[in-house]
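The values are calculated or read from the model by the stated rules, or taken from the named source; none is laboratory data. In this text the structure is predicted, and so the values were computed from the model without any measurement. Here Cβ is always computed from backbone atoms with ideal geometry, including for glycine, and neighbour counts include all displayed protein chains.
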Amino acid sequence: MSGWLPKRGEIWDADIAVVGVHSAVVLSAAGLNERLGHLTVVPITGTRGPAVTHVRLDKAGLTGSQPSYADATYLRQVKKEQFIERRGLCSEEEMYRIESLVRVYLGL
């Protein structure tokens with residue numbers, strides 16, 4: 001892992017079980033991240049997916065010619081030491097949309 005702890009809303013490359021190295025949005029609450037051994041993320045995909053499960057990330061600072069989407073239904077836990085590199089930061093609007101879709105998906 002690079003020099004600092006991933007924070008909520010940041011996008012990191014991480015070694016995610018089953019998926020492999022992949023970009024993901026950190027969802028875990030910032031106050032808990034320091035004390036936990038793992039953080040909760042949603043992977044980023046190039047697949048558009050339905051609007052009720054996928055959030056387009058236009059303002060996150062990711063590079064590439066294809067649009068990126070956060071899949072709110074694919075929650076994963078990643079050990080801190082499996083975070084590799086910080087790639088960007090979601091806007092408040094993008095995080096609000098991801099949070100909303102996760103709440104709907106989990107029935108909260």
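Kindly check whether there is at least one residue in the stretch 81-93 that is of a type in the set (Gly, Ala, Ser), surrounded by 12 or more Cβ atoms within 10 Å (Cβ to Cβ) and out of contact with any Pro (no Cβ under 6 Å at 6 or more places or on another chain).
Of the stretch 81-93, the ones of a type in the set (Gly, Ala, Ser) are 88, 91.
Okay, now just the ones that are also surrounded by 12 or more Cβ atoms within 10 Å (Cβ to Cβ), so 88, 91.
Filter once more, keeping what is out of contact with any Pro (no Cβ under 6 Å at 6 or more places or on another chain): 88, 91.
Scanning the stretch 81-93 turns up at least one residue that is of a type in the set (Gly, Ala, Ser), surrounded by 12 or more Cβ atoms within 10 Å (Cβ to Cβ) and out of contact with any Pro (no Cβ under 6 Å at 6 or more places or on another chain).
Using the structure shown, decide if residue 34 is under 12 Å from the mean Cα position of the chain (by Cα) and either over 23 Å from residue 21 (Cβ atoms) or of a type in the set (S, T, N, Q) (or both).
On the way: under 12 Å from the mean Cα position of the chain (by Cα): no; either over 23 Å from residue 21 (Cβ atoms) or of a type in the set (S, T, N, Q) (or both): yes.
So residue 34 does not fit the description; no.
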*asked:* Step by step: first the residues of the stretch 7-57, then only those that are out of contact with any strand residue (DSSP E or B) (no Cβ under 9 Å at 6 or more places or on another chain) and closer than 16 Å to residue 101 by Cβ, then the one that is surrounded by the fewest Cβ atoms within 10 Å (Cβ to Cβ). Which residue is that?
replied: 50
*Going by the structure shown, is residue 77 touching a His at 6+ places or on another chain (Cβ under 8 Å) and either under 20 Å from residue 108 (Cα atoms) or touching a residue at least 12 places away in the same chain (Cβ under 8 Å) (or both)?*
yes
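Is it fair to say residue 108 is over 13 Å from residue 5 (Cβ atoms), exposed (fewer than 12 other Cβ atoms within 10 Å of the Cβ) and not hydroxyl-bearing (Ser, Thr, Tyr)?
Details: over 13 Å from residue 5 (Cβ atoms): yes; exposed (fewer than 12 other Cβ atoms within 10 Å of the Cβ): yes; not hydroxyl-bearing (Ser, Thr, Tyr): yes.
Yes; evaluated as a whole, the condition is true for this residue.
When you look at residue 74, is it modelled with pLDDT of 95 or more and out of contact with any Leu (no Cβ under 9 Å at 6 or more places or on another chain), yes or no?
Details: modelled with pLDDT of 95 or more: no; out of contact with any Leu (no Cβ under 9 Å at 6 or more places or on another chain): yes.
Taking the combined requirement at face value, the residue does not satisfy it.
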